[in-house]
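Step one of this worksheet: look at the structure below.
Just so you know, all these numbers are worked out from the coordinates, no wet-lab data involved. Since we're looking at a predicted model, the values are computed, not measured. Neighbour counts are summed over all protein chains in view; Cβ atoms, including those assigned to glycine, are modelled from backbone coordinates with ideal geometry.
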Amino acid sequence: MSASAPAVLLMTGMKPPSRWGDALRRAMPDIALREWPALGDPREVEVIIVSKNQPEPGDAIRQLPNLRGALILGAGVDHLIREPTLATHLPVGRLVDPQQVRGITEYILVTVIGIHRDFPHFVRMKQEGRWDFRFPTFPEERRIGFMGYGSMVQESAELLARLGYPVNLWARRARAERGMACFAGAEGLHAFLARTDILLVSLPLTEATRRILDAPALAALPRGASLVNIGRGEVIDDDALLAALDSGHVAEATLDVFEVEPLRADHPYWRHPRVMITPHVAGAPHPDSAAVQLAADVRRLLRGEPPAHPVDRAAGY
């Protein structure tokens, strides 16, 4: 540990002054905050806070001899736990901000219910100048499948179940949730997909989930199913999804995350009439609320305690 007062290094990929930096200084006025690349004395930095859009965090990490832990500015953790310069014994904490959960819940409810009420179809009909009346489908007839069931989406699943939608879950390990059918592991994946009319994907990125939604998996969905991805872009095989959309097997896709962000201008998703794109906004953390949790976790790490929501680096989330 350094002899001087400890400092925290913020790496957001943004040009200072950042809104995150201002919010963190208000939340922990007694702790020095530095914004990369303004590193100062590297011996004083004991905690780092890193966002997904920070390129090459290893450039800073390898300069920090007294690092005690890292915090992730968001829910996704894969970009940092794969960083080879971050010693494996160091604790890593992820952000679980109540306002972030609220935002994800809003996004899921608006998107899923909008699909259920045929809004994507009506948008296309408006563009074609066609009046195409449809009787609404009852919620009980539209099965919702949550692929991944972390803390960020549990409220959404429960609310949709209360509204009358049959909700199914798929997770890495078997679990019991009242009123929801649960599937687990590779052996349960296709059975889960076969019972899903609207697929909500919130998986973390691990070696087991990379391209898990490939052509055979998408073919296991009922014809005319819809897909919503708020997890990681890399869990979907883009070519397979485009083919499923072109064939009509998948009716539409709402995508908030992509393998490369921002999504490149020439990507086929931009031009596909059955793809809705949002720019990674489903669970964007808000600086004013998230800074409170981050400051509390900084103090935990400085006291030698684990963060409130530690990452299992072996599992990948």
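List the residues whose amide H sits under 5 Å from the amide H of PHE183, counting only those 5 or more places along or on another chain, with H placed 1.01 Å from N in the peptide plane.
LEU169, TRP170, ALA171
If we count other beta carbons within 10 Å of each Cβ, what is the order of MET125, MET180, fewest first?
MET125, MET180
Around LEU71, which amide H atoms from residues at least 5 apart in sequence, or from another chain, sit under 5 Å from its own amide H, with H modelled in the peptide plane?
Distant-sequence amide H within range of LEU71: ILE48, ILE49, VAL50, GLY93.
Rounded, prolate or oblate: which one fits the stretch 117-192, using the alpha carbon gyration tensor with axes a ≥ b ≥ c (rounded when a/c is under 1.5, else prolate when a/b beats b/c, else oblate)?
Prolate is the answer for the stretch 117-192, as a/c is 1.5 or above and a/b outweighs b/c.
Measure off 7 Å from each Cα along the Cα-to-Cβ vector at ASP288 and ARG162, then give the distance between these two points in nanometres to one decimal.
2.6
Placing +1 at every Lys and Arg Cβ and -1 at every Asp and Glu Cβ, with all other atoms neutral, what dipole size does the stretch 99-277 have around its Cα centre, in debye to the nearest 20?
Computed about the Cα centre, the dipole is about 420 debye.
What dipole magnitude, in Debye to the nearest 20, does the stretch 180-280 give about its Cα centre under +1 on Lys/Arg Cβ and -1 on Asp/Glu Cβ?
With Lys and Arg at +1 and Asp and Glu at -1, about 220 debye.
Roughly how many debye, to the nearest 20, is the charge dipole of the chain about its Cα centre, given +1 on each Lys and Arg Cβ, -1 on each Asp and Glu Cβ, and no other charges?
Dipole size: approximately 420 debye.
Using per-residue counts of other Cβ atoms within 10 Å, averaged over each peptide, order 260-268, 29-37 from highest down.
The densest-packed peptide leads the list: 29-37, 260-268.
Could you tell me which of HIS116, HIS89, GLY148 has its Cα farthest along the dipole of the stretch 72-204 towards the positive end, charges placed at Cβ (Lys, Arg +1; Asp, Glu -1), taken about the Cα centre?
With unit charges placed on the Cβ atoms, the residue in question is HIS116.
Just grab the label-to-label distance for ASP266 and ARG223, each label 7 Å out from Cα along the Cβ direction, in nm (one decimal).
It works out to 3.5 nm between the two label points.
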